[in-house]
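Bear in mind these aren't lab numbers, they're just calculated from the coordinates by the rules spelled out. These numbers come from a predicted model, not from an experiment. For neighbour counting, all protein chains shown are included, and Cβ atoms are generated from backbone atoms with ideal geometry for every residue, glycine included.
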Amino acid sequence: MQLPVPQHIAAIVPYPPGKPMDELEREYGITNAIKLASNENPWGPSPKAVAAIGAMLHNLHRYPDGSSYYLTEAVARWIGSAPAEIVLGNGSNEVIEFLVKAFVGTGDTVITSHPSFLMYQKFVQVRGGDNVVIPLKEMHHDLEAITAAVTDRTRLIFLDNPNNPTGTLISRERFDRFLAGLPETVIVVVDEAYIDFVDPDKRIDILGYIRQPDRIPAVVSLRTFSKAFGLAGLRVGFGVMHREIAGLLHRVRQPFNINLPAQAGALAALGDEEHYRATLRGTAEGLAWLSGEVAGLGCRPYPSYTNFFLIDVGGDATRLYEAMLYKGVIVRSMKAYGYPDFIRITVGTAAENQRFVAALGECLRDLGYGRG
């Protein structure tokens, strides 16, 4: 068989999926493993969301609302925007894809940072665009280097804020200076997947930029229901943007892209403020406790504005990751991200956090890392 595959498609490296939990348990001979590797919400979804999904199941023979009218209205109220400024996606991934489809063609460039979310670059490759990748500087986006890399072919700039995997944040002052140095022809996409965990007084005023676009580049925010709302399995995200950009994205959006249970679950989750706030409190408390315990073991925890953080373990992170697997604790080695001595962990429940610390202490001792 000879397939006429374009070179820019053949060059794409598929996104590396993780193994299912039951397969990992079988492979390593463990039971009751805990997963602290994917930045998921350990407390799960709102009970109201679960009930709403259950109530909707008898309608699965019907197509979902193609405009996601009620969810769009609810998201707009939550954010404080107009419904015309919202575009829903099958995860915020899909909104990224919409942006690339709408604005990037062969030979156009898109600027991203490294390390950050891999899918920015993959969508650009699919379109035949060119990726310009700027390394982080001291674990922060190097906004000066990004500005210097802009040309008349630059269409989009992606900034995950807070950054994944470092958990660092762009300040309002730095972002203001950054926008002032860019041409108006560029769209700046701020991926705010973890913004719920950031104190409101430290957040960028996205709506202010969207509604006053004169003499600055257009700004788009990406948000998700996967993290603070605990709905990662439903795949619901959204973008907030000027209504003109939203109109263009709807032209490339397939109908019925948000399925029926996802619309019902996300809508109900927005109505459960108590569950949402409890998740934020539990995350903040867990992050503070874990950071102290990790430091006490002789490792270096890095400050984070998210529900995860980096840990310098003082040795080969991949060896530690494998040792932790045998303890039934799944973490993420950062070797592939350019940090060979770092792991990233998600804040878990109190019981999960305690189990992680106990396993980490044992593995550090066995490997001779930290304080041994």
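Along the Cα-to-Cβ line of residue 58, 7 Å from the Cα, sits a label point; which residues in region 263-283 have backbone N less than 18 Å from it? Residues 264-265 fall inside that zone.
Rank these for me by crowding, 194, 326, going from fewest to most other beta carbons within 10 Å. If you can, show how the numbers build up before the last one.
Values: 194 25, 326 14.
Listing 194, 326 from fewest to most nearby Cβ atoms yields 326, 194.
Footprinting exposure proxy ranking of 277, 155, fewest other C-beta atoms within 10 angstrom first, gives 277, 155.
Taking DSSP loops as anything outside H, G, I, E and B, show the longest stretch in the chain free of GluC sites (Glu not before Pro) there with at most 15 other beta carbons within 10 Å. Working shown, then result.
Details: sites that count: 138, 184.
Of all site-free stretches, the longest is 185-372.
Over all distinct alpha-carbon pairs, what is the Kirkwood Rh of region 236-328 in angstrom?
Result for region 236-328, one decimal place: 17.6 Å.
Using only Cα atoms, what Kirkwood radius does region 324-372 have, in angstroms? With all distinct Cα pairs of region 324-372 included, I get 11.5 Å.
Once the Cα gyration tensor of region 49-117 is found, what semi-axes does its equivalent ellipsoid get, as square roots of 5 times the eigenvalues, in whole Å, sorted largest first? Please report the intermediate quantities before stating the final value.
Details: eigenvalues 187, 49, 38 Å².
Equivalent ellipsoid of region 49-117: 31, 16, 14 Å, largest first.
Only DSSP H runs of four or more residues enter the estimate; each adds -39500 (n - 2.57), and after division by the residues of the chain the mean residue ellipticity at 222 nm equals -12000 deg cm²/dmol.
Using a simple spin-label model with pseudo-atoms 7 Å out from Cα toward Cβ, residue 281 and residue 215 lie 4.6 nm apart.
Summarised in one figure, the compactness ratio Rg/Rh of region 122-229, Cα atoms and Kirkwood Rh, is 0.94.
For 158, 308, 178, the sequence from fewest to most other C-beta atoms within 10 Å is 178, 308, 158.
Compared with the rule-of-thumb size 2.2 N^0.38 Å for a compact globular protein, the chain has a Cα radius of gyration ratio of 1.01.
Using R₀ = 51 Å, calculate the FRET efficiency as 1/(1 + (r/R₀)^6) where r is the Cβ-Cβ separation of residue 31 and residue 2; round to 0.05. Approximately 0.60, to the nearest 0.05. By its C-alpha gyration tensor, with a ≥ b ≥ c as the square roots of the eigenvalues, how is region 177-263 shaped: rounded for a/c under 1.5, else prolate for a/b larger than b/c, else oblate? In terms of gyration-tensor shape, oblate.
Expressed as a whole percent, the proportion of Cα-Cα pairs in region 218-258 lying more than 15 Å apart is 51%. When the listed pairs 48/227; 35/327; 101/137 are checked against a 19 Å cut-off, the alpha-carbon distance exceeds it for 101/137.
Over every Cα atom in region 281-372, the radius of gyration and the widest Cα-Cα span, Dmax, amount to 11.8, 35 Å.
Between residue 202 and residue 22, 0.36 nm times their residue separation minus their Cα-Cα distance comes to what?
Working: separation 180, 0.36 × 180 = 64.80 nm, distance 3.98 nm.
Gain in length upon complete extension: 60.8 nm.
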